[in-house]
1. Of all residues in the stretch 9-36, count the ones that are buried (at least 19 other Cβ atoms within 10 Å of the Cβ) and of a type in the set (Phe, Trp, Tyr).
2. Let me confirm something: among 39, 101, 63, which residue is at pLDDT below 95, surrounded by 18 or more Cβ atoms within 10 Å (Cβ to Cβ), closer than 24 Å to residue 144 by Cα and not basic (Lys, Arg)?
3. From the list 221, 237, which residue is surrounded by fewer than 16 Cβ atoms within 10 Å (Cβ to Cβ) and out of contact with any Asp or Glu (no Cβ under 9 Å at 6 or more places or on another chain)?
4. Need the failing condition index for residue 188 against (1) surrounded by fewer than 17 Cβ atoms within 10 Å (Cβ to Cβ); (2) touching a residue at least 40 places away in the same chain (Cβ under 8 Å); (3) more than 19 Å from the chain's Cα centre (by Cα), just the number.
5. Look at residue 81 and say whether it is over 23 Å from residue 152 (Cα atoms) and either of a type in the set (Asp, Glu) or surrounded by fewer than 21 Cβ atoms within 10 Å (Cβ to Cβ) (or both).
6. Quick check on this structure: which one of 146, 132 is out of contact with any helix residue (DSSP H, G or I) (no Cβ under 7 Å at 6 or more places or on another chain), modelled with pLDDT of 95 or more and either part of a loop (DSSP other than H, G, I, E, B) or surrounded by fewer than 18 Cβ atoms within 10 Å (Cβ to Cβ) (or both)?
7. Looking at (1) touching a helix residue (DSSP H, G or I) at 6+ places or on another chain (Cβ under 9 Å); (2) modelled with pLDDT of 90 or more, which one does residue 45 not meet, given that it meets all the others?
8. For the stretch 31-46, what are the residues that are in contact (Cβ under 8 Å) with a residue 60 or more places away in the chain, under 11 Å from residue 92 (Cβ atoms) and of a type in the set (S, T, N, Q)?
Amino acid sequence: MRSQLLPEIREFAAERGLNLLGLVDAKRYDGSQPCDARASSLLPRCGTLVVLATGGRTAAAQASRASAFEVAAMLQSHGIALRLLEIGVDARLRMGCLGEAAGFGTVSPVSGLLVHPVYGPWLRLRAVLLLEGTPFGPVVEASIAERYQPCGPCARPCVPACPASALDGEGHHDLGTCASHRHAGGCASGCSVRAACPVGAEHRDAALGGANGHVHPIGPLRRWFGLGLWRFVPTRLRLPR
C-alpha cells in the first residue's frame, strides 16, 4: 500500500495545473455502468481510477496535455501499473458519472454539465488513470451529488442560451446537434450554455474560447459524428475501441 504517496501525487499534479484529483473505486463504479463503459473492460485488473481535472481559468491556463502524462509517469516510477485515457480523445468512459464519483460536483439535471460547488461548470476532466489493484488502499465514496443540488432553485438560463437548441431542459444534451452546429461555425467563441450558468461565474474564462470553453473539442466531435472529411470514414473506424 502506498497511501503515503497520495499527498505527493496531489501536489505534483497541482503544480502542473491539475488542481482537482479524485480517486474512484473501480468495482463500485463499474457496478453502475453498462458493459462497454466499465473500467474493467479497458484494464481487466483495474481496481482504482485516478481522475485528473482542472478547476477555474488559472489552472486551465497552466495545464497542458503533458500534465497528465507526467503524473502517469510519476506513478509508474513507483511501480504502479496503469493505463491512461485522455478526455476528449477517448470516449469510452462516461465522464459525467466519473466526475461525480470522484467528488468533483453534480451532473446538472438540466444542462448535463458537471457543476462544481466552487468552480461551477468551469472545470474540465483532463484524463483518467486506470490503476491495477488498489495501491492506495480502499477508496472511500467521494460523491457529493446527494447533498449538492445546485439546479433545483435555479431559473435555468442555460436552456434558452443554447443557440442550437441542443438542451431539452430535462438533462438531455443532443451532442449530435451540438456537433453539427459547431462544425458549421457556431459557438466558435465558446459554450453559451456554460457561460449562462450562475454557479462559479467568477471562475469562467474571460474569453469563452479558452481551455474551458467547451466540454468536447471540435476535432473529436467531427470524428465521432462523421463530419467534414470524417464522413468518408466508416463508423467502426471513427469510434474509439
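1. 1
2. On the way: 101 fails: at pLDDT below 95; 63 fails: closer than 24 Å to residue 144 by Cα.
Residue meeting the stated conditions: 39.
3. Numbers: 221 fails: surrounded by fewer than 16 Cβ atoms within 10 Å (Cβ to Cβ).
Just one listed residue meets the conditions, 237.
4. All conditions are met except number (2).
5. Criteria met by residue 81.
6. Working: 146 fails: modelled with pLDDT of 95 or more.
132 is the lone residue from the list that is out of contact with any helix residue (DSSP H, G or I) (no Cβ under 7 Å at 6 or more places or on another chain), modelled with pLDDT of 95 or more and either part of a loop (DSSP other than H, G, I, E, B) or surrounded by fewer than 18 Cβ atoms within 10 Å (Cβ to Cβ) (or both).
7. Tallying (1) touching a helix residue (DSSP H, G or I) at 6+ places or on another chain (Cβ under 9 Å); (2) modelled with pLDDT of 90 or more, residue 45 fails exactly one: (1).
8. The one that is in contact (Cβ under 8 Å) with a residue 60 or more places away in the chain, under 11 Å from residue 92 (Cβ atoms) and of a type in the set (S, T, N, Q): 33.
The values are calculated or read from the model by the stated rules, or taken from the named source; none is laboratory data. None of the values given here were measured: they were computed from a predicted structure. All Cβ positions, glycine included, derive from the backbone under ideal geometry; neighbour counts span all protein chains shown.
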